[in-house]
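Written below as structure tokens is the structure these notes are about.
The values are calculated or read from the model by the stated rules, or taken from the named source; none is laboratory data. Remember, predicted model here, so these are calculated numbers, not experimental data. Note that we place each Cβ from the backbone using ideal geometry, even for glycine, and neighbour counts take in every protein chain shown. When the accessible area is computed, the model is the full protein with side chains, heavy atoms only, and any ligands, DNA or RNA have been set aside. Shrake-Rupley method; radii C 1.70, N 1.55, O 1.52, S 1.80 Å.
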Amino acid sequence: LATAQSKPPLIRGLDNKSVGDFNSIGIRLYQKSNDYKEIYNTLSKKLEPLKKDLQQITAKYNGNLAARVKDKAKIDEKLAVKKDLQPQNIPDWLGARISVDTITQAKLLLAELNKTYKLIEIDDFLDDVGRTQRKNPTEYRRIHTQALTKDGYSFELQISLKELDPKIDISHAAYKKTTYQRDSMPMDEWNKTLKEQAAAEADMKNTYFKIKEKEFSKLN
């Protein structure tokens, strides 16, 4: 499926851009092809091999593994709303997440994944520095990586904390509504959704620091 020695190939049709580079308007290129059907069909076939690849490392860290191919309807929605986006700019056609118990486990898992796969991107939102340096800082707390496949495509691989997962899911559901349904949502529902998202972010922050404090106490 993928190895740490894989070399990012050139983007098809471009002689000076490889998978993982940014295009001319600053959007990262995640797939070597820009053909919707080709990307979807290629990465769909990698779902079962990916789950098999990750089972052993997930068990090693007493983690929970989830993997999926993104629904076409959600891909179409994203492309329709984000006008500058092309199929090759979408990172999560294929995605997996490993959820572990502690921040220490998450960091060790990241190091191991970095030796197993060629990671063309790492965004550590469990790290306060990484999180606050975003253009729009949030209380979102997971580690996002992008792993290169041997044939020049890539998939999203997240590391999360089990205790945070349900709270992040609530926040993300609200984010999707405000991002993709803003034109069709009544104002009262819009305001309600924003409040739900703010409450979920506060809950994420409080839970994260409780986990961090508990872990720090154990280490001491």
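Figures for the structure shown
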item: Enumeration of residues in segment 48-69 that are within 17 Å of THR149 (Cα to Cα) and in contact (Cβ under 8 Å) with a residue 12 or more places away in the chain; result: PRO49, LEU50, LYS51, ASP53, LEU54, ALA67, ARG68, VAL69
item: Unique match (being surrounded by fewer than 15 Cβ atoms within 10 Å (Cβ to Cβ), at pLDDT 90 or above and under 30 Å from LYS45 (Cβ atoms)) among ASP188, ASP169; result: ASP169
item: Filtered residue count, segment 71-118, keeping only those that are charged (D, E, K, R), without any contact (Cβ under 8 Å) to a residue 24 or more places away in the chain and either part of a helix (DSSP H, G or I) or more than 17 Å from ARG28 (Cβ to Cβ) (or both); result: 4
item: Segment 1-47, residues that are under 19 Å from the mean Cα position of the chain (by Cα) and without any contact (Cβ under 8 Å) to a residue 60 or more places away in the chain; result: ASP21, PHE22, GLY26, TYR40, SER44, LEU47
item: Filter result (open to solvent by 70 Å² or more (accessible area, probe 1.4 Å), part of a loop (DSSP other than H, G, I, E, B) and under 27 Å from LEU110 (Cβ atoms)) within segment 6-60; result: LYS7, LYS45
item: Criterion (out of contact with any Phe, Trp or Tyr (no Cβ under 7 Å at 6 or more places or on another chain), open to solvent by less than 60 Å² (accessible area, probe 1.4 Å) and in a helix (DSSP H, G or I)) met by exactly one of GLU196, GLU215, GLU156; result: GLU215
item: Pairs where the first residue, in segment 119-131, is among the aromatic types (Phe, Trp, Tyr) and the second is modelled with pLDDT under 80, C-beta under 6 Å, 6+ apart; result: PHE125/ARG131
